[in-house]
Amino acid sequence: MTLQHHPDDCTLAAFAAGTLDLGEHVAIATHLVGCSQCRGFVRAMEGVGGTVLASLPPTPMSADALLQLEARLSDTSEPQQTESMPPISDTGIPSLPKFVRQYRMGGWQWVAPRVRLRRIDLPVPSKTRVFLLRSGPGTRMLQHSHTGVEMTCVLAGAFEHEGGYFGPGDFDLGDETIDHRPIVKGREDCICLVAMRGDLRLEGLLGRLIQPFVRL
Amino acid sequence: MLVIVPIKRSRRAGNSDEELSPAMHTDDCVAAPHPDWNRLIAAIAVRQDRDAFRKLFEYFAPRVKTYFQRSGASEAHAEELAQETMLTVWRKASLFDPNSSGASAWIFAIGRNLRIDAFRRERRGGAIQVSEIEAEFKVDEAPLPDMSLASAQSETRVRVALEQLPADQVRVVELSFFEEKAHAEIAGILGIPLGTVKSRLRLAINRLRIALGEPT
């Protein structure tokens with residue numbers, strides 16, 4: 001299966017540089033799980049990072065830095081990084097990166113008929129909110145506008161809007177200028193991981209009614 | 001053998017014309033060749049070779065320190081983080097896979113993860129472990145279909161491509177990816193419009209992608 005929609009190069013490069021906000025990082029990592037092409041590019045950008053690093057002008061280390069460090073090399077009493085990772089929860093969504101499954105998640109929340117949302121609690125403060133969105137066949141996915149960028153990764157099922165057809169693994173970027181009205185395609189529920197920056201505003205009468213209850 | 005030659009700083013914006021004279025571009029043969037970093041790391045992995053470690057330290061520690069300082073760390077903190085980076089190189093040498101990434105890319109990734117770790121500790125207290133950040137970047141263990149991307153050869157190609165980029169594009173790449181500057185900040189630093197920052201970045205990345213032989 002070939003993916004049709006990918007994050008843009010600048011975002012992938014920022015991922016490799018480690019400068020993305022954690023919420024956005026999660027969205028890109030989710031896409032990378034299923035996209036070897038983008039993984040290759042990210043790795044290449046890490047190569048760029050290495051090349052830039054190797055070409056930086058040196059800042060002298062303190063005179064005894066090497067000596068101090070050498071004394072620590074054979075010292076095994078220092079706490080080593082242990083692989084004590086919290087248990088991985090089984091979300092039934094294999095395309096979710098492992099590290100995301102270690103995060104605390106809320107339960108599925110009702111948002112609208114046949115639309116449910118599950119919050120993912122990021123372990124560090126993030127400007128970006130991350131949640132799973134599950135929409136039934138034929139539903140219009142959460143109609144909303146927002147004040148910042150929104151990254152969407154399809155985990156299962158598919159949706160379609162003016163920008164094209166988005167199947168599992170595909171990545172969609174929206175911003176405040178885009179008013180997409182995605183419709184869920186096929187017979188399966190469409191499950192997406194969404195990373196959203198800025199404030200969410202649900203549209204329509206129903207949206208305005210439920211807005212106070214949707215605490216993201 | 002992999003030889004990383006520093007990117008010529010003569011291509012920098014703001015440098016005078018005489019530095020861009022053709023004579024400056026032949027210094028590859030003048031610069032002392034670096035040792036083979038990959039083999040040095042292997043020597044640490046296989047026989048805890050302290051001499052190999054010293055060589056790596058002498059070249060990389062001062063550059064890693066510059067990297068941290070440019071990311072906003074104080075002089076003392078940058079020194080400490082550079083020490084940590086080199087200690088990690090020593091401890092994790094056996095995990096280094098030269099077929100998967102070049103030495104400088106690997107060291108860059110170690111430094112990047114420590115930088116993120118330090119940044120999060122600052123905001124959340126001491127509860128973060130760098131292994132958490134490593135997990136965030138290890139999005140999929142499956143091998144990539146085209147490993148040639150990450151080969152030493154591709155590292156050379158990246159270096160050549162970076163050298164061939166116009167100075168103003170290189171500067172934007174550095175500021176954006178390795179000094180954690182927002183696009184608007186870069187516009188302020190360089191005194192150029194935001195749109196120009198974005199277009200230079202895009203141009204630079206496109207050139208790198210082409211150099212890597214990547215489909216865009």
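The values are calculated or read from the model by the stated rules, or taken from the named source; none is laboratory data. Quick caveat, the model's predicted, so the values are computed rather than measured. Cβ atoms come from the backbone with ideal geometry, glycine included; neighbour counts cover every protein chain shown.
For this structure, a couple of remarks:
- Within the stretch A:28-35, one or more residues are modelled with pLDDT under 90, more than 24 Å from B:Q129 (Cβ to Cβ) and either touching a helix residue (DSSP H, G or I) at 6+ places or on another chain (Cβ under 8 Å) or part of a helix (DSSP H, G or I) (or both).
- Enumeration of residues in the stretch B:113-126 that are surrounded by fewer than 18 Cβ atoms within 10 Å (Cβ to Cβ) and more than 9 Å from chain A (Cβ to nearest Cβ): B:R121, B:E122, B:G125, B:G126
- Boolean, A:R118 is assigned to a strand (DSSP E or B) and crowded, with 20+ Cβ neighbours inside 10 Å: no
- Residue check for B:I110: more than 9 Å from chain A (Cβ to nearest Cβ), touching a residue at least 12 places away in the same chain (Cβ under 8 Å), out of contact with any Pro (no Cβ under 7 Å at 6 or more places or on another chain) and under 18 Å from B:F177 (Cβ atoms): yes
- Among the candidates A:G148, A:G169, residue that is surrounded by 17 or more Cβ atoms within 10 Å (Cβ to Cβ) and not in a strand (DSSP E or B): A:G169
- Inspection of the stretch B:92-100 finds no residue satisfying the criterion of being in a helix (DSSP H, G or I) and within 16 Å of the chain's Cα centre (by Cα).
- Scan the stretch A:1-49 for residues that are facing another protein chain (nearest Cβ under 9 Å), surrounded by fewer than 24 Cβ atoms within 10 Å (Cβ to Cβ) and of a type in the set (S, T, N, Q) and the total you get is 3.
- Restricting the stretch A:50-64 to residues that are crowded, with 21+ Cβ neighbours inside 10 Å and not hydrophobic (A, V, I, L, M, F, W, C), the residue that is farthest from the other protein chains (Cβ to nearest Cβ) is A:T51.
- Once the stretch B:56-75 is narrowed to residues that are over 17 Å from A:G50 (Cβ atoms) and more than 9 Å from every other protein chain (Cβ to nearest Cβ), the residue that is modelled with the lowest pLDDT is B:G72.
- Any chance A:G169 is over 22 Å from A:T19 (Cα atoms), at pLDDT 90 or above and out of contact with any strand residue (DSSP E or B) (no Cβ under 6 Å at 6 or more places or on another chain): yes
- Pairs where the first residue, in the stretch B:42-62, is in the same structural domain as B:F96 (by TED's automatic domain parsing) and the second is outside any helix (DSSP H, G or I) and among the polar types (S, T, N, Q), C-beta under 6 Å, 6+ apart: B:P62/A:T59
- Selection count, the stretch B:83-106, where residues are among the aliphatic types (A, V, I, L, M), facing chain A (nearest Cβ under 7 Å) and in contact (Cβ under 8 Å) with a residue 24 or more places away in the chain: 2
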